[in-house]
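Structure, as structure tokens:
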Amino acid sequence: ASLLWLLIGVANHAAPPCSSPLLRPAARCAFTALTTIIIALSFFAIRFEIRLLRAAYYSMEARKCYNAYLPQAALEWYRKAIASSPNDLEMLYNIGESFEEIGARSQAITMYKRLLALAPYWLDVNFRLGLLFKQEGELRRAKEYFQQQIRIDNLHWESYYQLALLARTQGNRAEAIALLNEILAMRRINRKIVPAAAVQQVNALLQDSSQ
């Protein structure tokens, strides 16, 4: 009711409704237009809210399936969720992970690239793309993504390790040793950066590369 009286006042050029006719004939068109705009905005706001709630529900169900090690079922829910919220970064990341879990590398690559187009520095997406391209045998592209991950996060030891493996495979022992020593330096600075189990792997590869 308050909104109605406000609209009437605006249509009457701010004249108090109680001191003037309910709605001047000349202002009727303006009142109708304002009412239509308000109704339209309310309608779109409600639709947008419903879409967000639907996406949140689908995403929640997808995460339940993913946590239960059911990536295929998770993908079915994620497909519904992404249709309602196509630019949700976390959802795109989770879909990429789910595709990885079922071995659908090309679909995972597509999803991660879509995410990077929206957020170039999102988490470890470049690292994941590096792993996927390495599995596909595209070592040059894998190296580029590992290097990009390091540019984003220079303490991402997994990327250093993968680059060391590539260097070792390609016969570049000096580069492999330098990268592995970088990881050990991170460990000396902060033990939380590189887990103890990883240090064993690094030392083993370092010993092999030094021979």
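The values are calculated or read from the model by the stated rules, or taken from the named source; none is laboratory data. Model, not experiment: these values are computed from the prediction. Note: ideal-geometry Cβ built from the backbone for every residue, glycine included; neighbour counts use all protein chains shown. When the accessible area is computed, the model is the full protein with side chains, heavy atoms only, and any ligands, DNA or RNA have been set aside. Shrake-Rupley method; radii C 1.70, N 1.55, O 1.52, S 1.80 Å.
For residues that are among the charged types (D, E, K, R) and in a loop (DSSP other than H, G, I, E, B), scanning just segment 167-198, find the one that is most open to solvent (accessible area, probe 1.4 Å). Among residues in segment 167-198 that are among the charged types (D, E, K, R) and in a loop (DSSP other than H, G, I, E, B), the one most open to solvent (accessible area, probe 1.4 Å) is K192. Inside segment 112-146, residues that are within 20 Å of the chain's Cα centre (by Cα) and either more than 26 Å from D88 (Cα to Cα) or acidic (D, E) (or both) make up a count of 1. Scanning segment 43-51 for residues that are modelled with pLDDT under 70 and surrounded by 12 or more Cβ atoms within 10 Å (Cβ to Cβ) turns up at least one hit.
Residues satisfying the criterion are present in segment 88-98 (criterion: modelled with pLDDT under 95, of a type outside the set (S, T, Y) and assigned to a loop (DSSP other than H, G, I, E, B)).
The rows are residues; the columns are (1) modelled with pLDDT under 95; (2) aliphatic (A, V, I, L, M); (3) within 22 Å of D153 (Cβ to Cβ); (4) assigned to a loop (DSSP other than H, G, I, E, B).
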{"site": "E61", "(1), (2), (3), (4)": "yes, no, no, no"}
{"site": "C65", "(1), (2), (3), (4)": "yes, no, no, no"}
{"site": "W77", "(1), (2), (3), (4)": "yes, no, no, no"}
{"site": "K80", "(1), (2), (3), (4)": "yes, no, no, no"}
{"site": "A83", "(1), (2), (3), (4)": "yes, yes, no, no"}
{"site": "T110", "(1), (2), (3), (4)": "no, no, no, no"}
{"site": "N126", "(1), (2), (3), (4)": "no, no, yes, no"}
{"site": "L129", "(1), (2), (3), (4)": "no, yes, yes, no"}
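Going through segment 151-164 one residue at a time, which ones are aliphatic (A, V, I, L, M) and surrounded by fewer than 19 Cβ atoms within 10 Å (Cβ to Cβ)? I152, L155, listed by residue number. Cβ-Cβ contacts under 9 Å between residues 6 or more apart (or on different chains), taken from a first residue in segment 80-109 that is open to solvent by 30 Å² or more (accessible area, probe 1.4 Å) to a second residue that is of a type outside the set (A, V, I, L, M, F, W, C) and outside any helix (DSSP H, G or I), are listed as E101/Y69; R105/E136; S106/E136. Pull up segment 110-127, narrow it to residues that are open to solvent by less than 50 Å² (accessible area, probe 1.4 Å) and not hydrophobic (A, V, I, L, M, F, W, C), then point me to the one that is nearest to A142 (Cα to Cα). Once the filter is applied, the top-ranked residue is N126.
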